[in-house]
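The structure appears below as structure tokens.
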Ligand code: ZN
């Protein structure tokens with residue numbers, strides 16, 4: 001499986017990092033070794049002094065597809081949850097300055113934390129989902145999928161031109177405003193609507 005990620009997909013977040021609003025989806029990938037599941041702790045890696053959380057809606061692909069049309073795209077999703085796209089912001093800043101790829105800042109081991117999957121049938125409209133993050137019990141990020149610059153159907157149509165979607169692939173869809181850094185001892189808890197789906201510690 002592969003993990004496809006969309007960057008700069010919420011206008012207020014793009015602004016907080018002083019990025020332009022993109023004209024087409026910003027796509028990057030993480031390998032399978034990036035997955036962090038079952039509320040396991042995240043160990044701060046030694047290579048970064050500025051590890052940011054990015055809370056994102058995450059969708060799972062239920063069937064294979066290539067060059068999927070937007071009008072059929074949502075039928076390719078079978079489950080969704082909330083996740084954290086961990087980002088070594090200090091390394092990413094250097095990559096951005098030099099015009100280099102982001103992998104060392106975004107795709108390292110355990111950089112893709114995901115919560116418990118919800119069946120797609122459990123949500124009436126997946127393009128209107130509230131999600132949020134508590135950091136040590138304090139609300140720090142909240143978003144709604146309707147505020148995405150590129151909606152999920154458009155994301156699937158776009159990325160499947162370049163990458164064949166396979167059953168079990170997952171898509172991180174970008175973070176709203178409010179990203180910041182974590183430290184040892186912090187507890188992150190992420191929600192879809194009122195449901196806590198992910199809770200783990202930074203070690
Ligand atoms: Zn992200």
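Read-outs: derived from the displayed coordinates by stated rules, not from any lab. Only a predicted model underlies this, so the values are computations on that prediction, with no experimental measurement involved. Cβ sites come from the backbone with ideal geometry, for glycine too, and all protein chains shown count toward neighbours.
Structural remarks
Results for (1) touching a residue at least 24 places away in the same chain (Cβ under 8 Å); (2) under 24 Å from residue 177 (Cα atoms); (3) touching a strand residue (DSSP E or B) at 6+ places or on another chain (Cβ under 9 Å), shown as yes or no for each residue.
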| residue | (1), (2), (3) |
| --- | --- |
| 49 | yes, yes, yes |
| 52 | yes, yes, yes |
| 56 | yes, yes, yes |
| 59 | yes, yes, yes |
| 69 | yes, no, no |
| 73 | yes, no, yes |
| 77 | yes, no, yes |
| 93 | no, yes, no |
| 98 | no, no, no |
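- Failed item, numbered, when residue 104 is tested on (1) within 16 Å of the ligand (Cβ to nearest atom); (2) more than 17 Å from residue 7 (Cβ to Cβ): (2)
- Looking across the stretch 109-126, the residues that are more than 14 Å from the ligand (Cβ to nearest atom) and in contact (Cβ under 8 Å) with a residue 40 or more places away in the chain come down to 109, 110, 115, 116, 117, 118, 119, 120, 123, 126.
- Members of the stretch 152-203 that are more than 16 Å from the ligand (Cβ to nearest atom), within 21 Å of residue 3 (Cα to Cα) and part of a loop (DSSP other than H, G, I, E, B): 163, 164, 166, 167, 168, 169
- Residue match in the stretch 87-102 (condition: surrounded by 22 or more Cβ atoms within 10 Å (Cβ to Cβ), within 21 Å of residue 169 (Cα to Cα) and touching a helix residue (DSSP H, G or I) at 6+ places or on another chain (Cβ under 9 Å)): yes
- Residues that are under 14 Å from residue 10 (Cβ atoms) and either surrounded by fewer than 16 Cβ atoms within 10 Å (Cβ to Cβ) or free of Cβ contacts under 8 Å to residues at least 12 places away in the same chain (or both), drawn from the stretch 135-146: 142, 144, 146
- Filtering the stretch 33-56 to residues that are within 12 Å of the chain's Cα centre (by Cα) and either closer than 14 Å to residue 203 by Cα or assigned to a strand (DSSP E or B) (or both) leaves 35, 53, 55, 56.
- Checked against (1) closer than 21 Å to residue 9 by Cβ; (2) in contact with a helix residue (DSSP H, G or I) (Cβ under 6 Å, 6 or more places away or on another chain); (3) crowded, with 16+ Cβ neighbours inside 10 Å, residue 70 passes all but condition (3).
- Residue within the stretch 13-32 that is more than 14 Å from residue 155 (Cα to Cα), under 12 Å from the mean Cα position of the chain (by Cα) and touching a residue at least 24 places away in the same chain (Cβ under 8 Å) present: yes
- For the stretch 1-21, a residue qualifies if it is surrounded by 15 or more Cβ atoms within 10 Å (Cβ to Cβ) and part of a loop (DSSP other than H, G, I, E, B), and the qualifying residues are 2, 8, 9, 10, 17.
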